[in-house]
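Enquirer: Below is a structure I'd like to ask you about.
What follows is calculated from the coordinates using simple rules that are stated; it is not laboratory data. If you're wondering where the values come from, they're calculated on a predicted model, not measured in any experiment. All Cβ positions, glycine included, derive from the backbone under ideal geometry; neighbour counts span all protein chains shown.
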Amino acid sequence: MALAASPPLTNNSATYRTHLLSERMFLRALCQERKRAERSRRHFVLMLVTPDKASLNGTAAAVLNKTVSAILSSMRDTDISGWQTQDRVLGVIFTELGTQDTRLVVTALHARVTAALRSALVPELLSHLQLSFHSFPDTGDSLVVGRRTLASLYPDLTQLDRARRVSRVVKRAIDVAGSSIVVIVLSPLLLAIAAAIKLTSPGPVLFRQQRVGQYGGLFTFLKFRSMHASCDTQLHRAFVTQFIEGNMPASASGQNGKVVYKITKDPRVTRVGRILRRTSLDELPQLLNVLWGAMSLVGPRPPIPYELEKYDIWHRRRILEAKPGITGLWQVNGRSRLRFDDQVRLDLKYAQTWSIWLDLKILLRTPRAVLSGEGAH
C-alpha cells in the first residue's frame, strides 16, 4: 500500500490546527464516506487519537498541538482530518485504500502514525495518547458491532438516538405493558398450544435459536416449535442464500397468483406447526423476548448469524438502526411477497421515520395482516 506523505504545511502548531475540520464538518464527511463506501465497496479506515488529559498535568494542549502537526505532516492529500470531538479527539479518515486486506492496511497505518508521533513526542508523553482504528466495512470474521464502534463510524445514528431518548423510554414502556397484557390475556391459548405441540410431536415445546440483535449482539430467540426436533438447517441456509442474493428460490411458489418468497410445503414442519405458522401463533413466545428487552413489539426481524454473513454492506444497517421486533413495516406491507432488498428498505424507512404513532399504526394493522394469512407458511 502506498502511503506517501504530503509535505508539512508549516512548522507552526497553531497553523496546523487551522487545517482541521470542525466537529460538525468532520462528522458530516465521515457519514458521506461511509455512504460512498456502501455504494463503491471501497474501504476506508477511521483513526481516532485521544489524549489522556488527566495524566498530562496541564500540558494537554501542547501535546495535542504536537500530535496534530505530526499526524498532518504524514498524511496524504486524499485523507480527511478533523475533530471527532472538538479540541479533544482528533480523527483521520484514510480513504482510497484499494482492495488490500484491511487488517494489513491498519497495521501499516498504525506503524506509520506511531513513527510520526515518536519523532514529535518523548516516550513519556506518547504513552498518554490512545490510538484506535475502525475499518469500514468490517471484513473480519465477526460482524458484531460494538457500541464504541457504532459511535465512531455511525455518529448520525448515535445523535439520532440521543434526540429520541424520551420517545425511546415511551416505546419501552409500551413494549413492557403491551407484551405483559397479551401474555396474561392469552395464557390459556399459550398453554393449549404448548399441550398440542407436546402431544403430537416428540421434542421441546419452545424452539430456541441464536439471533442477531441491535448492534450485532446475540440473544436467544423464542418461538413455538413448528418443526420436527433436530431438523437439518441446510434447506433453509440454501434458500436464504438465494433469497438475499436476489435470485428466485426454486422452492418459492405462487399463492393466489402471487409469488411467495418463503419455503412452502416444507417436509420438516409438523401438522400442528403448519397451523401455527399460517396463523403466526408460533411467534407468540417472542413476547418474552420483548419483556426481557432483547426485542420490541415493532422493529426489523432479527437475522440468524448465517443470514447476516450473506448481507450486503448496506443491509447491515438493518441491525444498527433499530431494535428487532415481532412485527414491522414490511410485515404489514406485503409480508413474504416482498423481495429481500425491499424488506430491508422498508426496515430502514421505519428506522429513519420512526415515531410512537408509527408503531401504533403498525400494531393496529398487524392483526389484519395475520388474519388474512397472505404470505404465511
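Enquirer: Holding the Cα-Cα limit at 27 Å, pick out from Lys35/Lys361; Lys310/Lys361; Lys171/Lys310; Lys35/Lys310 the pairs that are longer than that.
Expert: Flagged as over cut-off: Lys35/Lys361; Lys310/Lys361; Lys171/Lys310.
Enquirer: Consider a paramagnetic label point 7 Å from the Cα of Leu291 along Cα→Cβ; state which residues of the stretch 208-242 have an amide N under 16 Å from it.
Expert: Of the residues in the stretch 208-242, 220-224 have backbone N under 16 Å from the label point off Leu291.
Enquirer: Here is a follow-up. May I ask you to derive the FRET efficiency for His19 and Glu124 from their Cβ-Cβ distance with R0 = 35 Å, giving the value to the nearest 0.05?
Expert: FRET efficiency, His19 to Glu124: 0.80.
Enquirer: For a protection proxy built on the mean count of beta-carbon atoms within 10 angstrom, sort 79-92, 234-247 highest first, please.
Expert: 79-92, 234-247
Enquirer: Ranked highest first by the average count of other Cβ atoms within 10 Å around their residues, in what order do 302-312, 318-328 fall?
Expert: Highest-to-lowest ranking by the protection proxy: 318-328, 302-312.
Enquirer: By average Cβ neighbour count within 10 Å, what is the ranking of 278-290, 357-369 from highest down?
Expert: 278-290, 357-369
Enquirer: Which FRET efficiency, nearest 0.05, do Asp341 and Thr200 yield, Cβ-Cβ r, R0 30 Å?
Expert: Plugging the Cβ-Cβ distance into 1/(1 + (r/R0)^6) gives 0.20.
Enquirer: Please list the non-local residues whose amide H lies under 5 Å from the amide H of Phe207, H modeled 1.01 Å from N, same-chain partners needing a gap of 5 or more.
Expert: Amide H neighbours of Phe207, under 5 Å, 5+ apart: Lys223, Phe224, Arg225.
Enquirer: With unit charges on the beta carbons (Lys and Arg positive, Asp and Glu negative) and the dipole taken about the Cα centre of the stretch 13-140, which residue among Ala37, His134, Thr50 sits farthest to the positive side?
Expert: Ala37
Enquirer: Could you work out how far apart the two model spin labels at Trp357 and Asp87 are, taking each label as a point 7 Å from the Cα in the direction of the beta carbon, and quote it in nm?
Expert: 4.1 nm
Enquirer: Then there is this: Please compute the length gained on full extension between Gln32 and Ala111, using 0.36 nm multiplied by the number of residues separating them and subtracting their Cα-Cα distance.
Expert: The span from Gln32 to Ala111 would gain 25.8 nm if fully extended.
Enquirer: Note down the nm distance, to one decimal, between modelled labels 7 Å out along Cα→Cβ at Leu371 and at Val182.
Expert: Placing both labels 7 Å beyond Cα along the Cβ direction yields 1.6 nm.
Enquirer: What FRET efficiency would be calculated for the residue pair Thr233, Trp314, taking the C-beta separation as r and a Förster radius of 30 Å, to the nearest 0.05?
Expert: Efficiency, from the Cβ-Cβ distance: 0.70.
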